[in-house]
Amino acid sequence: MRTGPGADSAPAPAPTTTPTADRTSMFSSLKIRNYRLFATGQVISNTGTWMQRIAQDWLVLTLTGSASAVGITIALQFLPMLLFGLYGGVLADRLPKRPLLLATQSAMALTGLALAGLTLSGHVQVWHVYLTAFLLGLVTVVDNPARQSFVSEMVGPEQLPNAVSLNSANFQSARLVGPAVAGVLITAVGSGYAFLLNGLSFLAPITGLLMMRSAELHKARRAPRGKGQLREGLAYVAGRPELIWPIVLVGFIGTFGFNFPIWLTAFVDDVYHSGAGAYGLLNTLMAAGSLTGALLAARRGASRLRILVGAALIFGLLEIVTAFAPAFWVFAALMAPLGMFGLTVNVTANSSLQMATDPQMRGRVMSLFMMVFIGGTPIGAPLVGWITDTFGPRVGFAAGGAVSLIAAACVGLILARVGGLRLKVDLRPGLRPHVRFVPRDPRTADEQRAREPAEELTPAV
């Protein structure tokens, strides 16, 4: 455990009042009361968040008729993460997380209510949406690393991988409901009521945070105030291949492969000539696949780098295939596997990073993870929007998939080299064909298995 001047005393032992959960159970983390409260509040709030996302994208497209404008909105929402993400991680490591989350969740509620007021009054303009998206992004800079690292304080280290997976399942469950409700609201009464319901939905997580029992939290040592903490976090990640290369991979995929609001609005409007209902349907189908991926990750428990690389390869390939789907029903059917493998990339990277990180550094490491995953959007979204507008939705979607595929292949090879592995392909007749990473030198197989990158990559890909 890393310590520093002024650090608190040793962390308190795990609370005896926290139930012991079966490590193999898919929903074991929900046996913990504080996490149950957190998860319940988040599923309600996340439903509102997805409603606002759909309504926001559609409102911008209605006001401007441009996929590039949707890209600009997304870029402004995630630009603060790119600019200030690491500072948010420093704050999350320094400050008590529950009061910090109460402040950020309240601020996010206000942004939704403000946009609702502008839209329902009939005075909304595209710059209002741009400004609201940017302000929401500023709050998210602190909220994301605090929320991510607070999970370990609620459930402890043994249940952390399961809880991270269930958080993603929670988010994707809301994604099943939110877009569908948003599509109905937009069609029936307009976007304003979606923004209003999102603002009100934050009452649920705020209530859950207030009801938590402090004595049952796993107290984490907070980082003391001091100079050079941001540089310390970067140096910590740079010196660990099991941290830096997964972050590089999700950076490429987040920047170029996760621009679905741009692609889906463009496909619905320009290729298939449909409306908000079809856009909501595509998001719902993708959410169904994402939920499946999250539940499988919760059941699997362990997070292996080979799963991360394999899921990223398949994700990039699926994007290329989906870009050239000949009919709407084929395009829609491919949303579920796209969601499943995209979610697997996110969850596996998230949980493997948290498990490999010193608790005192977790806020900074997770802020870096979120910075490159969603903070790259201000770079990727306008570029992808321009490609989509200039060369068409199919070329834009395929380009994002190609970047994701190449990045996954390169990072996989680098991790294999770091782990002292080589690719072995066995297609001999009479044997089950397999593709496997194995130690370069069979005499050192035992030593290689003891090293984490090798342990993560050795099983068959």
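The values are calculated or read from the model by the stated rules, or taken from the named source; none is laboratory data. These numbers come from a predicted model, not from an experiment. Glycine gets a Cβ as well: all are built from the backbone with ideal geometry, and neighbour counts include every protein chain shown.
Looking across region 31-47, the residues that are over 18 Å from residue 108 (Cα atoms), surrounded by 20 or more Cβ atoms within 10 Å (Cβ to Cβ) and out of contact with any Asp or Glu (no Cβ under 6 Å at 6 or more places or on another chain) come down to 32, 35, 37. Can you find a residue in region 84-105 that is among the β-branched types (Val, Ile, Thr) and more than 18 Å from residue 203 (Cα to Cα)? Among the residues of region 84-105, at least one is among the β-branched types (Val, Ile, Thr) and more than 18 Å from residue 203 (Cα to Cα), which makes the answer yes. When residues in region 305-338 are screened for being within 17 Å of the chain's Cα centre (by Cα) and closer than 28 Å to residue 417 by Cα, 8 of them pass.
A quick yes/no check of all residues on (1) closer than 27 Å to residue 388 by Cα; (2) within 19 Å of the chain's Cα centre (by Cα); (3) not small (Gly, Ala, Ser):
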position	(1), (2), (3)
54	yes, yes, yes
63	yes, no, yes
69	yes, no, no
83	yes, yes, yes
91	no, no, yes
103	no, no, no
119	no, no, yes
124	yes, no, yes
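Would you call residue 398 out of contact with any Gly (no Cβ under 7 Å at 6 or more places or on another chain) and either within 26 Å of residue 268 (Cα to Cα) or buried (at least 24 other Cβ atoms within 10 Å of the Cβ) (or both)? Yes.
I need the full set of residues from region 283-299 which are crowded, with 19+ Cβ neighbours inside 10 Å, free of Cβ contacts under 8 Å to residues at least 60 places away in the same chain and not small (Gly, Ala, Ser), in order please. 285 - this is the single residue of region 283-299 that is crowded, with 19+ Cβ neighbours inside 10 Å, free of Cβ contacts under 8 Å to residues at least 60 places away in the same chain and not small (Gly, Ala, Ser). Taking the condition of being under 26 Å from residue 294 (Cα atoms), part of a helix (DSSP H, G or I) and either free of Cβ contacts under 8 Å to residues at least 60 places away in the same chain or of a type outside the set (A, V, I, L, M, F, W, C) (or both), how many residues in region 157-197 meet it? Residues flagged as under 26 Å from residue 294 (Cα atoms), part of a helix (DSSP H, G or I) and either free of Cβ contacts under 8 Å to residues at least 60 places away in the same chain or of a type outside the set (A, V, I, L, M, F, W, C) (or both) within region 157-197 amount to 12.
Within region 200-218, can one find any residue that is under 17 Å from residue 44 (Cα atoms), of a type in the set (Val, Ile, Thr) and either in contact with a Lys or Arg (Cβ under 8 Å, 6 or more places away or on another chain) or touching a residue at least 40 places away in the same chain (Cβ under 8 Å) (or both)? Within region 200-218, one or more residues are under 17 Å from residue 44 (Cα atoms), of a type in the set (Val, Ile, Thr) and either in contact with a Lys or Arg (Cβ under 8 Å, 6 or more places away or on another chain) or touching a residue at least 40 places away in the same chain (Cβ under 8 Å) (or both).
Would you mind stating whether residue 40 is of a type in the set (Val, Ile, Thr) and modelled with pLDDT of 80 or more?
Yes: the conditions hold for residue 40.
Listed here are the residues, each with its yes/no results for (1) outside the structural domain of residue 367 (by TED's automatic domain parsing); (2) crowded, with 23+ Cβ neighbours inside 10 Å; (3) of a type in the set (Lys, Arg).
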{"site": "99", "(1), (2), (3)": "no, no, no"}
{"site": "102", "(1), (2), (3)": "no, no, no"}
{"site": "159", "(1), (2), (3)": "no, yes, no"}
{"site": "175", "(1), (2), (3)": "no, yes, yes"}
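Considering region 236-272, the residues that are charged (D, E, K, R) and in a helix (DSSP H, G or I) include one that is surrounded by the most Cβ atoms within 10 Å (Cβ to Cβ), namely 242. A Cβ distance below 7 Å, combined with a sequence gap of six or more or placement on separate chains, defines the contacts here; from region 36-55, residues that are part of a helix (DSSP H, G or I) reach residues that are charged (D, E, K, R) in the pairs 50/175.
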